[in-house]
Structures are given as C-alpha cells and as structure tokens.
Amino acid sequence: MPEKILGRYVMVIILAIICFVGGFAAGWMSKPPETQMVQPTLPPIKLGSVAPLTGPFASSGEEMKRGLEMAVEEINARGGILGRQVQLVLRDIEDMSPDKIISAFTDLCAKEKVDFIVYGWTVVYGPQWDICATYGVPVLHVETVKEFDDWIKNHPNDRWLNFMADAPDTYYGIGFAKFLDILIKEGLYQPVNKKIAMMRGEDAYGQRICEVFKNEMLSRGWTVVIDETITFGTVEYTPILTKIRAESPDVIINTDLVSSDLVAFMKQFRENPTKSLFITAFGAAAPEFIELGQDNVEGVIWTTMLGQLRGDPVREAWAENYKKRYGEEPGEDAAFVYDMVMLWATATAVAGTTEPRAVCKQLEKTIYRGNCGTYLFNEWHWAPGYPDTTDDPSLGLPHLFYQIQNRQNVLIYPSPFNVGTFELPPWF
Amino acid sequence: MKIESVRFSHLLEVIVLFIGIIFPLLSVTYYVHLVILSFLWSIVAVCWNLLLGYSGISSFGNLVFFGVGAYSSAWLTINMGVPPWLGIFIGGLLASFMSILMGALTFRLRGVYVALFTFASQEMLRYIVLLPEATKWTGGPIGLLGVPGFKLSNFNSLYLNYYLAFGILLITILSIHKLLNSRTGLALNAMAQSEIYAKTLGINIFKTRLIVFSIAAFFTGIAGSFFAYYLHVVTDEYLSFTTMVSIIFMILIGGLGTFYGPVAGAFIYTIFSEYLKGILSGAIRLIVISMAIMIITILFPSGILEAIRKPFRSALKPKVRSLFKSANDTKSKAKNI
C-alpha cells in the first residue's frame, strides 16, 4: 500500500480513537441514560421513556430526564418495586420527527422489551401507541390532545394499555375563556374594546388552544382582530407588533411552545406596549422563561392544565430535593414526569405483579396525589381537570393560571390552590 | 470535481443482494426497521446525488417532491380509498409533475440562485401545509394520521415493507444506472464539466436538466409516499431543514458524485445515529456524530466508499493483472505448441 495512503489511514485511526475515547469519556461523566443499579437478586423492571434530549425542545427534554431519574432513584433507594430494582431505558427523540419517534418506540418495545413506558409529550399522535399495542407494552403520557380520545375510541381492543395523565387540549381554550370571565366578574379587569390578537404556535397544541378559545370568545361577543401562526424560532416580531399597536387589543394570546420565542416577543412588545393582557400557555413554564426575560416578562399570565402546585406542601418538598440536586427551580416537565413514574410505581406495587393487564387494571382505579394535583383516570383513560371537568378539587388536576410577579411564578387561579391574586401588568 | 464513471462490480453486488434478501430472517424487528429507513433515505440520497453530483444542479429543495409524494398519496388513501400500491405510483407522478413546474422556473437561474430558489420552494411548501386553510388537506400541524399501510394477505407487514423498500431501491438504482449510461447521461457528464462546451455540442441544457429533475423527483416522491404508508403518518417534519441537512450529510459521507456512495452514506448515518442513542446521551452524541462527519469529509472528500475501494483496487489490481498475464501467457504458449 503506498506510504501516503497508509499514513492517512494511520491518522484516521488515531483521530477516530481520540474521537471515541473523548466521546465515551464525556458520556461517562455526563451520566448515561440508564441509572446505576444496586446489584439485583431479581431481574430489574425495565421502564422505558423517550424525551427530546437534543433539538428545539431540549430544555423540556432535560427536565423530563431529571424527573425520570429522580423518581427511579428514589424508588430504587427504597428497595424498588416488588423487590425488583427499576432500570430506566431512555431514548432521544431529537426534533420529534415521526421516524425518530417510531424508531425510539420500536427500540423500546421490540429490542429493549421494556415492561412499561412513561413519557412526557411529543408532536406526533398515534403511531407510537400503535407500536405499544403491537407489542402489548402499556404507556402513560401527557400528550394532552384530542387525538388520544379518538385513538381510545377507535381501538377498543388495545385501549387497555394507553393512559393520558391529563385532559385533552380542547379544555385549554374553554379554561382560558372561563378565567377571563372570572377576572371580569370579580372586577379585577375590565376590557375596553373586547378585541383579541391571536398568535398561534405552529404545532397542533398551539393551533387547537387558539381555535377553541376563539370560538368561546366569539360566543361572548369578542372579536379576533389579528390571527397569525408563529413558527418556532421566530425572533423578529416587528410586523405583528405594528398590527397590535394599531389595534390595541384587550388580550394578546400567544401559544408558541418555545420559551425563547416568547421572551423575544415580550422584549420587543415592552419597548412600546399596548394595554393588553398577555396570556400564553406551556411555553412560559420552562425556568429559562424568567431567567431570559427578567423584567420584560413581569405581568405575563400563563396557563397549563398540568403544572406544579407552587406553595403546596407535596410539591414544595419535592422541589426542595430537586433544587438540592440540580441547583435550580424545577420545570413543569420534571414535575409531571416524576408524578407519572410514581403513579405507575404505586399501581404496580398494589397490583402485586408487573403483568401488563393487571398493572393497567390497577392504574384505572389508582388515586395518586402528586406535585401537580390528583390523578384519577376516567372511563376514557384520561385524567379530568378541575374546574373544567370536575367540581371536586380533590379528584381533579387543577387547570392552573400563573402570573409572573417579582420574577416569580405566582399561582393566581383556581381556588383553593392559588397563593396570590391577579395584578394588572406593569405596562398598564 | 471528478465524477465516478459508472461500473458495476458484479460479485460484490451479488453478495450485498444476497445479504439484503436474507437479512430480515436473521434479525430482530428493530434492526429490520432501521434498514427499512436506510433503504428509503438511500432512495432520496441517490436521487439528490443525481442532481448535485452528476448533473451540476444545485438543488436544495428535493424534499418538496418527498413531501408532495407523502401528502398526496396519504390523502388519496385516507379520503378516497386508493390502495397504497396505486397511491405510491400516483405520489411519484405528482412529484414528477411538480418538478417540471419547478424546473421550468429554476433552470432559468444559475449557480447559487438555483440553490436559493429550490430551498425557498421547500420552505414555502412547509408553510403552506401548516396554513389553517390547508388543514382539511394536510392535517395542519398534526398532519395526516392513521395512514393505512401495505397489506398482502397474511404476509408479515414488517417483512412486506422491508422487501418492498428494498425492491424500490433496486429499481431506483437500476433506473439511474441506465440513465447515466444513456445519451442523456453523457450529456449530463458534458454539462457538469462545462456548460458552454456542452452547448457547442448541440446539447439542450434546459431539456436535459428537466428530464433528470423529473426522474429524480419521481423516485423521491415514491420514497415520500412509502414513508407515509410505512410510518402511518405524514407531518411537516418531512419538509424540515434538519431532514434536508441529514440527507446532505448522507451524500457527503458516502461520496458526492459516486454511484453507490449515497446508499452507503444513508446506511452509515441512519444506523450510526440510532446506535449511538443507546450509548451516549444528548448533545454528546451529536458532537460525536458531527466530529465523525468532519473527519470523513476532510480526509475522504470522495466519500467513505471510495476510501475503502481505492486500497483494495491498488492492492488487487497488480494481482489480477498478473493472474490474467499468466493466463494469457499460458494461452499463447498453448497456441504456439
């Protein structure tokens, strides 16, 4: 072999070794997805999960991973479930494209043969549940979509294994409208022109929240003067702000899921604000929203049908452990993923077996009080919310409304969970 | 850039074909699934390489055809009951038709403007499918769910998809091989070297590009349709920038302007990325992948396949020559006797 080519190959081999040693060393130091286990006497129970550890949703993915790790380590520290340790098998779904989600679920079900899957949310609804149904692997998640309801109704033979630990997204828009009704009724806020500017997030979640909210508000005599879709990653808002400043609507609703997009909007809005309430959804839940936005996001109202009960003793104890471990406030994704793992663990322990149907049968009747409220599934395998679908605050997940006050997320609605009250934003 | 002339090494191809046929029988579901994805991405990469590597067409909008194929065939099957076997063909034809419309505008431009125009077309299609007004056709951000898949009596659906994807890849490769060895292929070669010289030879640049563009679009559209039928869902993620970059990586890894390079690149990229997910977490994995791509593109600008073939050719050629030489010597000695 000519010397030049041989030399090149030697260089490649050396570089490849450096690359892989460096990668593996970094991977070792960054804690691999599977948790370290105490030497078991019985085989571990394999808990599968997926999360967007890279890509545009990585901040949520990191929170999900932390929630999973905390829950699994706590369970194992107490001796595991039924004398067996829990082994977490986590796969990255990156930008959540369909092929990556399906590959991850196929990996978990067909190759890793996990006993149960707990995951947060994705932007694809259906194919992953079909894979779980093919392999008989139960799945618990918070996709928060109407498509889950449709899947349950269209898959009578497989519905036993699929659970959604919150309500479908249609209740977001209904809850938004009810919240405004409460503010007006209690004299905390008076609209001037009953105009709404709607900035829809490009995903299904964002679109549907706005669509249902729009219908609710139109029925209350409001008008939607601006209705635009915002793509993820938008940083320049001059065109839409020009329209907003011309219309001066009473309410601006923005359902973009990406926190940095929302922060960019608020910064530009606050340069010349209108007297409009600014309401958003889950995009403001990430801790980075206040970190990046600082004073620019004071007064922002955000809502989630599934979020931490700040000020609640169950949540505060858990959040204290989270802060000790990770040095910062926990995000919503960590809270509800932790809750779901504990819910699953409770059901499995009470069922007395890891046999999937027995676990799911127990899950149907388990009442679990977690960081986000009470989880109790209805006949359609989703968890109703309070006050949207149940009047009993002890049996439903509260539909939470937060307002950022003094750089803190203050829960302002619903009672009896609120710790503060609504204040007019500083730009009014 | 030197473009590889098309030659087949028959023995190696037969071996690969044999492995391809028996692979699903020896492997677990997950790996069969990964290979199916690799087949589909190979089709897209091979077609894109036909444009970028062989034709000098700096198209960065091939996912338009992928998306047109996927959305059209999925919609027809869900709403009009068109069987997937027919839907996949219609998806390819519609993608081809779209390419003629696009090409008519694109090929009036030159150089970087072709890249910008085609990329803008892809982005435009992505925003169109997300429009609230388009929801009844495209499903909006949710996409089209519950797309029925291929069925053949009691045949295992995973195996069915595997052999279908394999078959389509083979047909794609054979078709492109035939194209490149035809008069059109010679014209492409001339155009890629020098457009002015090609014109002086009487080659109709516009027409030749349009033919190649539509052939690449046809097979890319078929790959898109297949994706929809296999994954049972179509979303705007099929048109994303990330997907586009991944395919370009596949082509570069395998070798731009080489014949089998994009296939090798698609397999390496798809399987390597998935394999690392079980070992490395998050950003570390992406760093390793990026470093691997950097190393390959710097050290092997002709692609990894060429890097493997060269030393074998250098090592084997003298041996083969001496083998033939001794065989010829024996023949001529026998003649002289």
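The values are calculated or read from the model by the stated rules, or taken from the named source; none is laboratory data. It should be emphasised that the depicted structure is a prediction, and the values quoted were computed from it without experimental measurement. So basically every Cβ, Gly included, is an ideal-geometry build from the backbone, and we count neighbours across all protein chains shown.
Values computed for the structure shown
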{"item": "Hits in the stretch A:297-335 (condition: crowded, with 21+ Cβ neighbours inside 10 Å and polar (S, T, N, Q))", "result": "A:THR303, A:THR304, A:GLN308"}
{"item": "Verdict on A:GLY299 being part of a loop (DSSP other than H, G, I, E, B) and within 30 Å of A:GLY327 (Cβ to Cβ)", "result": "yes"}
{"item": "Qualifying positions in the stretch A:107-129 - at the interface with chain B (Cβ under 7 Å from one of its Cβ atoms), closer than 17 Å to B:GLY143 by Cα and part of a helix (DSSP H, G or I)", "result": "A:PRO127"}
{"item": "Single residue of A:ALA133, A:ALA165 found to be surrounded by fewer than 24 Cβ atoms within 10 Å (Cβ to Cβ) and at pLDDT 95 or above", "result": "A:ALA133"}
{"item": "The one condition in (1) touching an Asp or Glu at 6+ places or on another chain (Cβ under 8 Å); (2) in the same structural domain as A:MET340 (by TED's automatic domain parsing); (3) not in a helix (DSSP H, G or I) that A:THR229 fails to fulfil", "result": "(2)"}
{"item": "Enumeration of residues in the stretch A:374-396 that are modelled with pLDDT of 95 or more and either under 20 Å from A:GLY311 (Cβ atoms) or basic (Lys, Arg) (or both)", "result": "A:THR374, A:TYR375"}
{"item": "Selection status of B:GLY278, of a type in the set (Gly, Ala, Ser) and either touching a Gly at 6+ places or on another chain (Cβ under 6 Å) or touching a residue at least 60 places away in the same chain (Cβ under 8 Å) (or both)", "result": "no"}
{"item": "Members of the stretch A:235-254 found to be assigned to a loop (DSSP other than H, G, I, E, B) and surrounded by fewer than 18 Cβ atoms within 10 Å (Cβ to Cβ), listed by number", "result": "A:VAL235, A:GLU236, A:SER248"}
{"item": "Residues being within 14 Å of B:ALA45 (Cβ to Cβ) and polar (S, T, N, Q) - total across the stretch B:206-255", "result": "3"}
{"item": "Scope the stretch B:178-189; condition modelled with pLDDT of 85 or more and out of contact with any Gly (no Cβ under 9 Å at 6 or more places or on another chain); matching residues", "result": "B:LEU180, B:ASN181, B:SER182, B:ARG183, B:THR184, B:GLY185, B:LEU186, B:ALA187"}
{"item": "Scan of the stretch A:208-229 for residues that are among the hydrophobic types (A, V, I, L, M, F, W, C), under 27 Å from the mean Cα position of the chain (by Cα) and farther than 19 Å from A:ILE240 by Cα, ordered by number", "result": "A:ILE209, A:VAL212, A:PHE213, A:MET217"}
{"item": "Filtered residue count, the stretch A:175-207, keeping only those that are under 26 Å from A:LYS243 (Cα atoms) and either under 24 Å from the mean Cα position of the chain (by Cα) or within 14 Å of another protein chain (Cβ to nearest Cβ) (or both)", "result": "14"}
{"item": "Filter pass, B:ILE142 being away from chain A (no Cβ under 14 Å), surrounded by 15 or more Cβ atoms within 10 Å (Cβ to Cβ) and either free of Cβ contacts under 8 Å to residues at least 40 places away in the same chain or closer than 26 Å to B:ALA70 by Cβ (or both)", "result": "no"}
{"item": "Test: residue in the stretch A:336-346 that is among the polar types (S, T, N, Q) and surrounded by fewer than 16 Cβ atoms within 10 Å (Cβ to Cβ)", "result": "no"}
{"item": "Search result, residues across the stretch A:46-89 that are away from every other protein chain (no Cβ under 14 Å) and in contact with a strand residue (DSSP E or B) (Cβ under 7 Å, 6 or more places away or on another chain)", "result": "A:LEU47, A:VAL72, A:ILE75, A:ASN76, A:GLY80, A:ILE81, A:ARG84, A:VAL86"}
{"item": "Residue list for the stretch A:43-99, filter: in a loop (DSSP other than H, G, I, E, B) and among the charged types (D, E, K, R)", "result": "A:ARG78, A:GLU94, A:ASP95"}
{"item": "Selection count where residues are facing another protein chain (nearest Cβ under 10 Å) and under 20 Å from B:ILE57 (Cα atoms), scope the stretch B:236-267", "result": "3"}
{"item": "Considering residues of the stretch B:149-160 that are within 12 Å of chain A (Cβ to nearest Cβ) and touching a helix residue (DSSP H, G or I) at 6+ places or on another chain (Cβ under 7 Å) only, the residue nearest to B:GLY87 (Cα to Cα)", "result": "B:GLY149"}
{"item": "Yes/no for A:ALA286 being within 17 Å of the chain's Cα centre (by Cα) and modelled with pLDDT of 95 or more", "result": "no"}
{"item": "Among residues of the stretch B:268-302, those that are under 23 Å from A:MET96 (Cβ atoms) and either within 8 Å of chain A (Cβ to nearest Cβ) or in a loop (DSSP other than H, G, I, E, B) (or both), counted", "result": "13"}
{"item": "Any hit, the stretch B:56-76, residues being surrounded by fewer than 24 Cβ atoms within 10 Å (Cβ to Cβ), within 16 Å of B:ILE171 (Cα to Cα) and over 19 Å from the mean Cα position of the chain (by Cα)", "result": "no"}
